[in-house]
Structure formats: structure tokens, C-alpha cells
Amino acid sequence: MSQGSPGDWAPLDPTPGPPAPPNPFVHELHLSRLQRVKFCLLGALLAPIRVLLAFIVLFLLWPFAWLQVAGLTEEQLQEPITGWRKTVCHNGVLGLSRLLFFLLGFLRIRVRGQRATRLQAPVLVAAPHSTFFDPIVLLPCDLPKVVSRAENLSVPVIGALLRFNQAILVSRHDPASRRRVVEEVRRRATSGGKWPQVLFFPEGTCSNKKALLKFKPGAFIAGVPVQPVLIRYPNSLDTTSWAWRGPGVLKVLWLTASQPCSIVDVEFLPVYRPSPEESRDPTLYANNVQRVMAQALGIPATECEFVGSLPVIVVGRLKVALEPQLWELGKVLRKAGLSPGCADTGAEPGRSRMISQEEFARQLQLSDPQMVAGAFSYFQQDASGLVDFRDVTLALAALDGSRSLEELTCLAFEVSSRNSPSTTRSTGSSSAPICALPRHQTPPPQAAPPPWPTGLCRPPSRRVTEHLDLPSSHWPTDSGQHQGPTLGLKPSSVLLDFFCYYYWFF
């Protein structure tokens, strides 16, 4: 990047960049007036009857679940249950579970493909995970074993069903719990067909079915063949999706129970056998299976995931919170056919060059007034309605994707260093390169981190820096706690807990 006037930019690539992937954490349900009337009528007449009958069937499951494990010791439960307990109780729970979903409106379960035997594929991976109704996939899979939270054992009926299933339990409060879960998954998956198959929802949380979330490696640690299982809800109106932002649990349940008929498609893909490299690297294995399933579904495979209770999406080489201004700015630039990598601006380190909306549009070469106003509003403005061009520089550098996290961190400290000259306003004069650190050059590890720059928000907490995988030398001493948005979507009723039976995976 050379010095010069702010308008001296590298030529822009006329070819538009790849389209932005859909946001998988947001589900918007738009109902017409006629649909609203229909749901009001059926919701008042049909939904209460269906939910009441489903509750009755749910509690009828408890005796069968209890009978299978009654009188067995913990040592005996470490081996698969066989004999009359397996035959009677398994078939009873399977039949009542199908009746429960039938009463809620899932009149048809269409199965495509052939389910592999436990010897061919000890592990099943199901996606996309979009709703608490997804446990319906267990029925054509003949009730495979699952991984669930240990805390669910104390939930009425649900605890009995977990013991019946001989589920693999993971505790949030026990640091060694995850290691034991990994060992147990590996033990069952490599038992040579002794144990039934283990089912995972590798995304670990619900999305809106428009894209696959990043697969967690838990299902792939054993390095054994897996069978991908696709779940589709080919209904005219998507009332089942339960995303991070969208209709809540009760609304999803009410709308779905108000539908005259809901259809579920379950498709078994061919068994995926890992290569030697994939067997040694669960993350690589998970990513490759994710791409295969995304291709079969016709939707993109993304790096979006949950970090704690916060949904994050990938921007460049960063993971940032759901729908941040940075994400929206990237969509604006892609829509305009601009490449952030060609927009190396001239923000002088330590100097705040305040620019107006007109200059902002000229620098980013945006001509649509509405697009300019939207992109300009993503940045903090002063009393005069101006924004600091250093903020624009850092945003474009992050969107470019060619800089590592450590390089971006160095750049942020460099352009905001408080040891530099005082703040001045831009008069259109020449400016220096934005950072002395060349791209792709890693700063010396022995260099002490600079102080947190003034003018920025308060330092992130240790929890946030851990999520960003920053080196420990960059951790601030601030003791504030990160207050990110929480899910707030955990169902409280026993029926809804049943639908979330297989929701909490590691």
C-alpha cells in the first residue's frame, strides 16, 4: 500500500464476491391474513386436544422406560440390555413415541435410503437440527443411543427415558465429564456391533434449515464410519423451526399442533468411511461430512456455531457475534460488488481522521444513497455526524480475511495507540500507511502487548478473549464480566423437555 491522497485506491475487482451465506440463527415466520384466521380457529379447537393427548401418551411411556432398568445394578447398565426387557420395553416405547408424534400432527414419516447396520456404521449423524421435534428421527433409526446432559436425569419422565436409552451423559460442572464421554463413545462405537448405534446432532444447536452450522467433532472422535441422516420438513409453511431468534417454544408448538398435517422426510445417505487422515483428525472428518450433507441438502456449509450461549459467525478470519455491524457492512460491500481487500485506506496510526457520509461514500466508492446511509450508520458518529476513519480501516481489514487474528489485533493497537499525536480532523491531506506490520507477517512473540487503546470500548473480559483464542499475554486485567445475549429458550414443561430430549449434545 502506498502513501497518497485518500482517494488513491487500488483498482477494484469488477467481479462481485461470493454471496453472503444466509444467517442460520434467525427464523422469520410471515403469516397472511387468511393463515392467521386459520391458525386462530385450529389453534383454539385442534391444538389443545392434540397437546392434551400427547401429554397422556408421554406419561404412558414412563412404565415401559422404568421396567427396562428396574432391578439392574450400575455395573449391569454398563452393558447393552438384552432379553425380554429389550423386546417388550423397546417395542412399547417405540410404538408410544410414534403415537405421540402422530397426535401432534406428524401424520407421515417418509423414509428414503437404507439404514446401515451397527457393524457398517456405529454412529449416525443427523442434520439439520432445527427444532425440538427432531427426535422424531429416532423412530426410523430404531431408537439409537444418544448423548445428553446429566442434569436431565432429574427431570420427571425424561430421566426415566434417559435411563431406558442408556444414554451417554455429560455434566457441565465436571471438568472430567467430557473426557469420560469421549471414552464411552469410542468404547461403544468400537464394540463390534455389541452396542446399538449412537445418534448425534453434530451441530449441537438449532438453526433455521437454510445452512448447516459447524459440526462439532464429538461424533467423529472414534474414527469409525458414520451414516449421515438428513431431516426435512417439506410443509408449505415452516412452523417447526426453533432458531435462536424467531418464534418461541410455545408458539412453535402451538402453530405445529394447529397444522392439519405435518410431514417429515428422513433420508439415509451412504455410509461415510473416513480416510486415515480423517481418522486421526476429528475436525477434518467433521468438516468433510458436513460438506457432504450440505451438498445433499442443497444448502451451504458454514462455520457458524455457538460459543457458550452466544451465536457467532465467521467474518474474514474472525468469529464475531450474531449480526454485528461488521457482518452487515460485509453484506453491503458484496452487494455493491466491492472487495474489502482492495480497499486499503490511509488511516494514520494514532490519529483520528473524522469523515462525513459523503467522503465515506467516495472512499468506499458507493453510489446508492440508501446503501451508503445504511453502511455509514454501522459506525459510531460524533456530535457532528462524523465517523472515525480508523474504525472503517479496521472493519475493512477484518472483512478482507487475509490477516490473521494476531495481525488484526496488532493493527487495532497500532492505529489507536494513545502515545501518538492528538486527534485531528481530516482536511483531505495525504496520510501514512495504516500499519507498519506487513500482511501475513507475525509480530515477534517476545514483544510486550501495548496498553488497551483509549477511545475504544472497555477491554474485553477474560471469557471473551478465551472465545477469541487470544494469547494469554493479550488478556486484559479488567475484571468485568461479559454480558452476552442468552438463549432463554429452554422449555420448562415436561412435554417440551421430551422434545428437547436429544437437544443438549456436547
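The values are calculated or read from the model by the stated rules, or taken from the named source; none is laboratory data. Quick caveat: nothing in here was measured; it's all calculated off a predicted structure. With ideal geometry, Cβ positions are generated from the backbone for all residues, glycine too; neighbour counts draw on all protein chains shown. All accessible areas refer to the heavy atoms of the entire protein, side chains included, with ligands and DNA or RNA removed. Shrake-Rupley method; radii C 1.70, N 1.55, O 1.52, S 1.80 Å.
A few notes on this one:
- Total residues in region 69-94, condition surrounded by 16 or more Cβ atoms within 10 Å (Cβ to Cβ) and closer than 16 Å to residue 153 by Cα: 1
- 1 or more residues over 18 Å from the mean Cα position of the chain (by Cα): qualifying strands (runs of 3 or more DSSP E) within region 243-321: 262-268
- Residues located in region 220-249, provided they are touching a helix residue (DSSP H, G or I) at 6+ places or on another chain (Cβ under 8 Å) and closer than 18 Å to residue 35 by Cα: 237, 239, 240, 241, 247
- Candidate set from region 163-205 (those that are in contact with a Lys or Arg (Cβ under 9 Å, 6 or more places away or on another chain) and among the acidic types (Asp, Glu)); member that is surrounded by the most Cβ atoms within 10 Å (Cβ to Cβ): 203
- Of the candidates 148, 191, the single residue that is under 21 Å from residue 116 (Cα atoms) and assigned by the TED database to the domain that holds residue 282 is 191.
- Any chance residue 221 is more than 25 Å from residue 23 (Cα to Cα), assigned by the TED database to the domain that holds residue 39 and among the β-branched types (Val, Ile, Thr): yes
- Hits in region 337-376 (condition: modelled with pLDDT of 75 or more and part of a loop (DSSP other than H, G, I, E, B)): 356, 365, 366, 367, 368
- For region 48-65, the set of residues classified as within 32 Å of the chain's Cα centre (by Cα) and closer than 15 Å to residue 107 by Cβ consists of 50, 54, listed by residue number.
- Looking across region 242-301 at every residue that is within 19 Å of residue 215 (Cα to Cα) and among the basic types (Lys, Arg), the one that is least open to solvent (accessible area, probe 1.4 Å) is identified as 291.
- Selection of region 20-34 for residues being open to solvent by 60 Å² or more (accessible area, probe 1.4 Å) and within 30 Å of residue 212 (Cα to Cα) yields 28, 30.
- From 154, 97, residue being polar (S, T, N, Q) and surrounded by 15 or more Cβ atoms within 10 Å (Cβ to Cβ): 97
- The residues of region 223-258 that are touching a residue at least 24 places away in the same chain (Cβ under 8 Å) and of a type in the set (S, T, N, Q), listed by number, are 227, 235, 239, 240, 241, 256, 258.
- Every residue from region 56-78 that is of a type in the set (S, T, N, Q) and free of Cβ contacts under 8 Å to residues at least 60 places away in the same chain: 73, 76, 78
- Reported count of residues in region 206-238, each being open to solvent by 10 Å² or more (accessible area, probe 1.4 Å) and either in a loop (DSSP other than H, G, I, E, B) or farther than 26 Å from residue 275 by Cβ (or both), is 16.
- Single residue of region 106-123 satisfying the filter (modelled with pLDDT under 95 and over 15 Å from residue 141 (Cα atoms)) that is surrounded by the fewest Cβ atoms within 10 Å (Cβ to Cβ): 108
Residues are listed down the side, and each one gets a yes or a no for (1) of a type in the set (Phe, Trp, Tyr); (2) in a loop (DSSP other than H, G, I, E, B); (3) modelled with pLDDT under 90; (4) not assigned by the TED database to the domain that holds residue 259:
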{"position": "21", "(1), (2), (3), (4)": "no, yes, yes, yes"}
{"position": "28", "(1), (2), (3), (4)": "no, yes, yes, yes"}
{"position": "44", "(1), (2), (3), (4)": "no, no, no, no"}
{"position": "58", "(1), (2), (3), (4)": "no, no, no, no"}
{"position": "61", "(1), (2), (3), (4)": "no, no, no, no"}
{"position": "77", "(1), (2), (3), (4)": "no, no, yes, no"}
{"position": "88", "(1), (2), (3), (4)": "no, no, no, no"}
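Each row is one residue, and each column tells you yes or no for (1) modelled with pLDDT under 75; (2) more than 30 Å from residue 211 (Cβ to Cβ); (3) surrounded by 18 or more Cβ atoms within 10 Å (Cβ to Cβ).
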| residue | (1), (2), (3) |
| --- | --- |
| 308 | yes, no, no |
| 311 | no, no, yes |
| 316 | yes, no, yes |
| 335 | yes, no, no |
| 392 | no, no, yes |
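- For region 81-103, residues that are in contact (Cβ under 8 Å) with a residue 60 or more places away in the chain and over 33 Å from the mean Cα position of the chain (by Cα) total 2.
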